[in-house]
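The values are calculated or read from the model by the stated rules, or taken from the named source; none is laboratory data. From a predicted model like this one, the values you see are computed outputs, not experimental measurements. Neighbour counts run over all protein chains shown; Cβ positions are idealised from the backbone, glycine included.
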Amino acid sequence: MPTSNDFRRGMVIDVDGTLCQIVEFQHVKPGKGAAFVRSRLKEVLSGKVLDRTWRAGEKVTEVRVEHRVWELLYRTDLAWVVMNPDTYEQIHLDNDMVGDAAYYLKDNSEVKIAFVDDRPIMVEPPDTVVLRVVETDPGLKGDTASGGSKPALLETGLRVQVPLFVQEEDIIRVDTRNNSYLERVNS
């Protein structure tokens, strides 16, 4: 059984019957008294963020999470329909489960889903995605890569800052970890 000393980012643990993912943690060893671990946890199902302090070496219950790649077929107002590419089984994921990953998902794209006991618990976006710019201010002649930046609206509703030379209908690569522009894929 793991302890608070074994914490790592992304680890899913059971806290009083609630599944929580470790967002960040810090081991603290004060000059006086026992060491402890400060942690920030995110409830997997509700998305609520909790701060919790653990004694160093306190036992925790780690939940075995299995990640599977499914294909996103389409989205409705209430749910996302995904399909297992091997068995063609389809399941519906509600909007709360998809959460912020919705800004990175397009129809017919691969999606990584975390399962606990064959029950989907959350959707994880890939590290980078390729999306089309649907709205941005026009660039001016002479704009260069080292110039400023401007806001752009992408096809999934995500807003990012892009260089001045990026135009509407351009395809760009975005880092999903910090919503930053990486490169233009086409010209």
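Would you tally the residues in region 108-139 being without any contact (Cβ under 8 Å) to a residue 40 or more places away in the chain and more than 23 Å from Glu155 (Cβ to Cβ)?
4
Can you name every residue in region 47-79 that is of a type in the set (A, V, I, L, M) and either surrounded by fewer than 14 Cβ atoms within 10 Å (Cβ to Cβ) or in a strand (DSSP E or B) (or both)?
Pass one, region 47-79, residues of a type in the set (A, V, I, L, M): 49-50, 56, 60, 63, 65, 69, 72-73, 78-79.
Selection gives Val49, Leu50, Val69, Leu72, Leu73, Leu78, Ala79.
What is the residue count in region 94-117 for residues that are hydroxyl-bearing (Ser, Thr, Tyr) and within 18 Å of Asn178 (Cα to Cα)?
2
Residues checked against (1) in contact with a Cys (Cβ under 7 Å, 6 or more places away or on another chain); (2) modelled with pLDDT under 90; (3) not assigned by TED's automatic domain parsing to the domain that holds Asp14:
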{"site": "Ser46", "(1), (2), (3)": "no, yes, no"}
{"site": "Thr87", "(1), (2), (3)": "no, no, yes"}
{"site": "Asp94", "(1), (2), (3)": "no, yes, yes"}
{"site": "Lys106", "(1), (2), (3)": "no, yes, yes"}
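Would you call Ile172 under 30 Å from Ser46 (Cα atoms) and under 20 Å from the mean Cα position of the chain (by Cα)?
no
Collect the residues in region 87-142 that are assigned to a strand (DSSP E or B), within 19 Å of the chain's Cα centre (by Cα) and of a type in the set (Val, Ile, Thr), keeping them in residue-number order.
Val111, Ile113, Val116, Ile121, Val123, Thr128, Val129, Val130
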